[in-house]
Structures are given as structure tokens and as C-alpha cells.
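The values are calculated or read from the model by the stated rules, or taken from the named source; none is laboratory data. Keep in mind that this is a model prediction, so the values were computed, not measured. Cβ: placed from backbone, ideal geometry, glycine included. Neighbour counts: every protein chain shown.
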Amino acid sequence: MKPVRKAVIPAAGFGTRLLPVSKTIPKEMLPIIDTPVIQHVIEEAVEAGCEDILVILSRGKESLEDYFDRSFELEEQLKVKGKTEALESILRPTRLAHIHFIRQQEMRGLGDAVLMARQFVGDEPFLLLLGDTIVRSNDGTAVSKLLADTYARNEGPVIAVEPVAREAISRYGIVDGTEVSDQADVYRLKTLVEKPAPEEAPSNLAVCSRYLLTPDIFDLLATAKPGKNGEIQITDALRRLAAQRAMFARRIHGRRYDAGNKLEFVKTNILFALERPDLRDKLTAFLKELVSTL
Ligand code: UTP
């Protein structure tokens, strides 16, 4: 069995939920304090052992390429001024992994974006991470690492899932599976249901933007019929994959931070700022004062 060394990060979507800013600033480049969302996503893939990462872009998203490139003039300036910490912070993204870029020509959906990665992936297993969402587990283990471990043990594709409230079920892909008896939080997948009504949902476990896939997904994506809005959905291909081979879901104990949604984006910034020693105390004082006036 081949180890997981490659990751694919779709980041080509229009991000219409974040307009007007996403007209010129890709949502993946929006800052969580001072670090773009996409850097958190790439760091997660690196923690899971990925050395080669393909980011799927579209027109107008060149700032992602620039961000992961060197900036010699700025580096020189910071060196001369002795700003070591700032220098380290701009070098870090350039040293994370081999980061490759490709363009999705037409925004034909997530499934179509993933299909762009076929050549890059070749015959290896790969991680798929949505570029606008940060996911963290409570104990700090990278969610992608949990998926890679589950894959190594079961030799089948794995989807990260998390429980969602009943009223949220109809917004997600929901899994139908049975618990694997000797593995905590691992389910053998029967099928997936896209956006079911709560009373028809097979569980409350929702697909949560991280997948460990095998190259047989590409044939299924290539033959997938466009769904609503003419987009190629990934759920259909995953459902067909689950029908033809053993496939798994890994329940995550943690939190998803969807930066493609305005309210979640604001919450993410507050939560991450509260974890930062340089910001925590002053922000806490500000929030307490603010709350007392609400
Ligand atoms: P979303 O469903 O969030 O779509 O895509 P979107 O277009 O980016 O955002 P909204 O709904 O218009 O606000 C989920 C992920 O799939 C990528 C997005 O970049 C995001 O990471 N995606 C989506 C593509 O790469 N290509 C597509 O054609 C569609």
C-alpha cells in the first residue's frame, strides 16, 4: 500500500457568499488575524505527511501563488532592519512543501475542480482539503493525519465527518454507516445522502471538508452528470465509490471553521485571537466590556 504523500486543495470557487470582498481577494486569502486561511489548510496537510500539494485556482486568484513564493526585496529589508520574527513569518509559507498550482477553466463545481488533479495524483492515495475551511480536532491532532491513519489501517477511502444539529442536517452530505467494532470513531460507509430532510437522514454525521481518496474516484468524476446549477458534485462520485469498494468515515471530535461564510469567518477570527498570547488579554477585556453593553 502506498503512503499518503499528496494533497489536493480546491480553491477556485467564486466565494459569492463573501462578496463584495471576494471580487478581488480570494476567500482563501482572507486573514485569520495575520495568516491566510489557506496557510492553515496547507499546514494541516503537511502535518499529515504530505510533501506535494496541488492548489486548484481560477482567474483572479494569483495572490495565492505570490503568497507561497519568495519575496527577496522584502526579505532583504527585514534582514537589514533586524526584524527576525517578521522575516521568519514570511519565509515559513515558502518552506512548507512543494506547492503546485493549476487553473480550473470553468467553475463547474467541486467535482470538476478535483478532476483537475488527476495527472498530479497519478496512482497514489491523496488528501482532499477544501481551501476555505479550517478543521481542528480537540486534542490537536491534524484531522488529515487521522484520515491517513484510518486509511493505513483499513486500506479504503475515508471521509471526515462531524455531528451536526438536527436543523443543520439538510445543509450537508450525511453518511449512512455502521461502526467498526474495534476502531473508535470509524464507520464502514454504506452510502451518502446529499442534504436530506432531518426525518429522512440516516444519521447526524455530516461530511466535513476533508477526504482521503484513492485514484479510482477520477473515473467516477469524469463520468458524473452535472447536478444542480450544472455543477459536478463530488457527493455523487463518492456514493458510487462506496458502492464499488470498502469505504470509511472517521468521526472528528473538534470544530470546523468555514471562512466562506460571513458569520463563521468573524467567529473564527475571535476564537483564534483568544488563543494568541499577544492578543488574548486585551481582546478578553474588550469582549467583556462589549457584552456588558449588549
Ligand atoms: P463552495 O460550495 O463553498 O462554493 O465550494 P464557492 O463557489 O467557493 O462559494 P460560494 O458558495 O459561491 O460562496 C467548496 C469548495 O470547492 C471549491 C471552492 O473554492 C471551495 O473550496 N470549488 C467550488 C472549486 O474549486 N471549484 C468550483 O467550481 C466550485
- Note on the structure: Going through (1) without any contact (Cβ under 8 Å) to a residue 24 or more places away in the chain; (2) farther than 26 Å from residue 12 by Cα one by one, residue 219 fails only at (2)
- Message: I'd like to check something: does the range 77-86 contain any residue that is over 24 Å from the mean Cα position of the chain (by Cα) and of a type in the set (Gly, Ala, Ser)?
- Response: yes
- Message: Please list, ordered by residue number, the helices (runs of 4 or more DSSP H) wholly in the range 207-294 having 3 or more residues that are within 16 Å of the ligand (Cβ to nearest atom) and in contact with a strand residue (DSSP E or B) (Cβ under 9 Å, 6 or more places away or on another chain).
- Response: 234-244, 262-274
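Residue 105 - would you say it is polar (S, T, N, Q), at pLDDT below 95 and closer than 28 Å to residue 216 by Cβ?
Numbers: polar (S, T, N, Q): yes; at pLDDT below 95: yes; closer than 28 Å to residue 216 by Cβ: yes.
So residue 105 passes the test.
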- Query: If we scan the range 200-219, do we find a residue that is farther than 30 Å from residue 105 by Cα and among the polar types (S, T, N, Q)?
  - Reply: yes
- Task: List every residue pair whose Cβ atoms lie under 9 Å apart, where the two residues are 6 or more positions apart in sequence or sit on different chains, the first residue falls within the range 246-274 and is within 18 Å of residue 30 (Cα to Cα), and the second residue, located anywhere, is away from the ligand (no atom under 16 Å from the Cβ) and part of a strand (DSSP E or B).
- Result: 256/136; 256/162; 257/136; 269/31; 271/255; 272/35
- Query: Is it the case that the range 173-186 has a residue that's within 17 Å of the chain's Cα centre (by Cα) and either modelled with pLDDT under 95 or assigned to a helix (DSSP H, G or I) (or both)?
  - Reply: yes
- Looking at this structure, is residue 48 of a type in the set (Gly, Ala, Ser) and either modelled with pLDDT under 95 or crowded, with 18+ Cβ neighbours inside 10 Å (or both)? yes
- What tally of residues in the range 236-283 results from selecting those that are buried (at least 20 other Cβ atoms within 10 Å of the Cβ) and of a type in the set (Val, Ile, Thr)? 2
- Within the range 165-201, residues surrounded by fewer than 18 Cβ atoms within 10 Å (Cβ to Cβ) and of a type in the set (A, V, I, L, M, F, W, C) come out as 165, 168, 180, 184, 197
- Note on the structure: Residue hits (the range 5-42; away from the ligand (no atom under 14 Å from the Cβ), touching a residue at least 60 places away in the same chain (Cβ under 8 Å), closer than 21 Å to residue 117 by Cα and out of contact with any strand residue (DSSP E or B) (no Cβ under 6 Å at 6 or more places or on another chain)) are 5
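Criterion first (more than 15 Å from the ligand (Cβ to nearest atom), polar (S, T, N, Q) and in contact with a helix residue (DSSP H, G or I) (Cβ under 8 Å, 6 or more places away or on another chain)) does residue 183 satisfy it? Show your work before the answer.
Numbers: more than 15 Å from the ligand (Cβ to nearest atom): yes; polar (S, T, N, Q): yes; in contact with a helix residue (DSSP H, G or I) (Cβ under 8 Å, 6 or more places away or on another chain): yes.
The answer is yes for residue 183.
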